[in-house]
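Asks: One structure, as structure tokens, below. Some questions next.
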Amino acid sequence: MSQILYPLEWFVAWIMVAFHQTLSAIGLPEESGWTWALSIVGLVVVIRIILIPLFVKQIKASRGLQLIQPEVKKIQEKYKGKTDQASRQAMTQETMALYRERGTNPFASCLPILLQAPIFFALFRVLNGLQGIASGRKGAIGPLSRELASQAESSTLFGAQLSDTFLRSDSLATQILTVVLIVLMSATTFTTQRQLMMKNMPAAALDNPFAQQQKLLLYILPVIFAVSGVNFPIGVLIYWLTTNLWSMGQQFYVIRRMPAPGSPAEKALQERRQRRGKSTPELEKGTSNGVVKDGATIEKPEPPKRVQPKKQPRSKRTGPRPTGPGSGNPARDG
């Protein structure tokens with residue numbers, strides 16, 4: 001395990017040291033806990049910028065899963081009560097065919113979390129190993145030398161060392177800071193999840209098993225953070241909180257600019273466009289021949305078509321024929 005994570009530990013240490021040197025160069029004290037805490041924030045920024053393409057895929061995948069849940073439910077109802085292998089296989093095949101047809105993937109929504117997990121554990125090992133590196137019991141990790149490790153180990157934030165945990169420290173400052181960070185982590189996670197469900201999910205997508213699972217996670221995740229957070233160093237909690245804040249802001253931007261069809265966020269986007277005198281996305285794409293009023297699309301009446309007069313055959317013309325010279329009547333011309 002340590003051999004697998006070592007390249008990531010080196011990567012984490014390299015970014016932290018690079019930010020620490022940059023912040024020290026602009027005037028922040030090298031030994032300050034704020035300098036090292038901001039270095040961890042810089043690590044989050046670098047990681048999340050790298051993961052932006054995957055985050056966009058995650059948003060699209062989550063949106064697609066929400067929108068097709070009614071159709072997935074129909075497939076499940078179709079095979080309800082059938083427990084034989086052939087029926088279960090047919091249900092799986094139809095479900096996967098629906099995913100392919102709609103261009104979504106249930107695993108894509110987990111990619112950013114799965115890819116961040118090794119970074120998270122690498123940072124955990126780096127912070128946990130600061131004392132060993134500072135004492136010489138462990139070797140340096142890339143640019144994180146014994147001197148820098150000793151400096152990071154002794155640095156404090158509000159009187160708490162970044163490598164301390166709630167359970168391993170008797171310091172009241174450490175315990176208070178840990179509790180505050182855990183509460184903020186839980187609050188940002190709850191807000192992010194609730195924002196996704198309340199603003200970017202159509203009403204039809206809220207009544208299905210997938211939405212029920214999302215609601216369950218809305219209340220379970222904060223509890224998991226509260227239980228597990230007491231085992232993590234303060235530096236890891238800072239990383240976790242910063243990641244949550246980034247996710248919340250990034251998701252707010254995506255929901256505001258690219259809402260799911262039929263969601264309250266899409267209605268709000270249409271209202272903002274109307275106030276600015278702009279057409280709605282549907283009209284810009286030419287998918288609707290109408291105008292939007294009070295959030296509804298009203299069809300435009302088509303202009304009346306001009307009817308061209310038809311030329312009648314000579315045999316059906318009425319009235320006397322001309323009789324003067326040059327009229328073409330041989331009786332008169334003779």
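Read-outs throughout are calculated quantities, based only on the coordinates presented, and are distinct from any laboratory measurement. Computed from a prediction, not measured in an experiment: that's the story for all the values here. A quick note on method: Cβ atoms are made from the backbone with ideal geometry, for glycine too, and the neighbour counts reach across all protein chains shown.
Asks: Starting at the first residue of the stretch 27-38, write each ³J(HN,Hα) from the Karplus equation 6.51 cos²θ - 1.76 cosθ + 1.60 with θ = phi - 60°, in whole Hz, x for Gly and Pro.
Replies: x, 6, x, 4, 8, 6, x, 5, 5, 6, 5, 5
Asks: Turning to a different aspect of this structure: What is the order of VAL180, VAL254, fewest Cβ neighbours within 10 Å to most?
Replies: Ascending Cβ contact count within 10 Å gives the list VAL180, VAL254.
Asks: Tell me, what ³J(HN,Hα) does each residue in the stretch 84-90 have, in order and in whole Hz, if you take phi through Karplus 6.51 cos²θ - 1.76 cosθ + 1.60 with θ = phi - 60° and put x for Gly and Pro?
Replies: Karplus values, whole Hz, x for Gly and Pro: 6, 4, 5, 5, 5, 5, 5.
Asks: Still on this structure: Provide the per-residue ³J(HN,Hα) series for the stretch 247-253, in order, calculated from phi with Karplus coefficients 6.51, -1.76, 1.60 and θ = phi - 60°, each as a whole number of Hz, with x at glycine and proline positions.
Replies: Calculated HN-Hα couplings, in order: 4, 5, x, 5, 5, 4, 5 Hz.
Asks: Related question: In nm, to one decimal, how far is the LYS267 label point from the LEU184 one, both placed 7 Å along Cα→Cβ?
Replies: 3.5
Asks: Now for a separate question. Quick check: residue separation of SER145 and LEU54 times 0.36 nm, minus the Cα distance between them. What number comes out in nm?
Replies: 29.4 nm
Asks: Going highest first, how would you order 164-175, 22-33, 5-16 by mean Cβ packing within 10 Å?
Replies: 5-16, 164-175, 22-33
Asks: Skipping prolines and chain starts, which residues have an amide H placed within reach, meaning under 5 Å, of the one on ALA160, given they are 5 or more residues away or on another chain?
Replies: none
Asks: Apply 1/(1 + (r/R0)^6) to the Cβ-Cβ distance of LEU167 and GLN3, taking R0 = 25 Å, and write down the FRET efficiency to the nearest 0.05.
Replies: E between LEU167 and GLN3, to the nearest 0.05, is 0.35.
Asks: Between GLN76 and GLN274, what is the label-point separation in nm under the 7 Å Cα-to-beta-carbon projection?
Replies: A separation of 3.6 nm, rounded to one decimal place.
Asks: Round to the nearest 0.05 the FRET efficiency obtained for ASP84 and LEU114 when R0 = 51 Å and r is the Cβ-Cβ distance.
Replies: 0.90
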